[in-house]
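Inspection log for the structure reproduced underneath, given as structure tokens.
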Amino acid sequence: MHAVIKLVREHPSAARFLVVGGVGFVITMVINYGLKLFVIPQHPVTALAVGIIVATVFSYWMNKKWSFDDRGERHTAHEMLLFVIVSVVGVAINSAPAYVSRYGLGLEVPNVSLATQEIADFVSGPIIGTLLAMVFRYWAMNKWVFPKRAELVDVLSPTSPSTSPTTTV
């Protein structure tokens, strides 16, 4: 509990990011299992991807307005484009373990029992995939989508080392 309080005090954006991620996880699971059980049971990776995409739209607005509300000085269209790029990579990272589990390792009926298939789906997609994608998304959003104001000014500054002309002697 002390570690959580310390995280909130020292890194409030990280704590808010985790809350938004938790709500996004619930959205993903509801849509994933709703589609997987009732609409497209033969396409579990697609069901997971649709859930992730819907949760990602929610996540953008909540992260912009709450998690990183003190950042993001870019135009909304540019910021959204960067968010979409990061999110597409995140969807791929999130879906990859489920794909490997089902189609690479063959953890699907008739190779394994239905219970084993469902446990493998849950562990590979929502657990392993989400953890990997969460780390990537937080890093990428801090770096590119919602950078701290000083970092954004430094990157866009005409005197920035990466943009200043170099002289050859």
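Each value in this text was obtained by applying a stated rule to the coordinates, not by laboratory testing. Predicted model, so just to flag it, every value in this text is computed and none were measured. We place every Cβ from the backbone using ideal geometry, glycine too, and count neighbours over all the protein chains shown.
Among H75, H2, H43, the order by Cβ neighbours within 10 angstrom, fewest to most, reads H2, H75, H43. Dipole magnitude for the chain: about 280 debye, using +1 per Lys or Arg Cβ and -1 per Asp or Glu Cβ, origin at the Cα centre. Model label sites at V135 and M1, defined 7 Å from Cα along the beta-carbon direction, differ in position by 2.9 nm.
Our Cα-only numbers for region 1-88 put the radius of gyration and Dmax at 15.5, 45 Å.
Taking a span of 30 Å or more along the helix axis (Cα atoms) and a mean Kyte-Doolittle hydropathy of at least 0.0 as the rule, the DSSP H helices of the chain that qualify are 12-34, 76-99.
Based on alpha carbons, the Rg and Dmax found for region 2-149 are 16.6, 54 Å.
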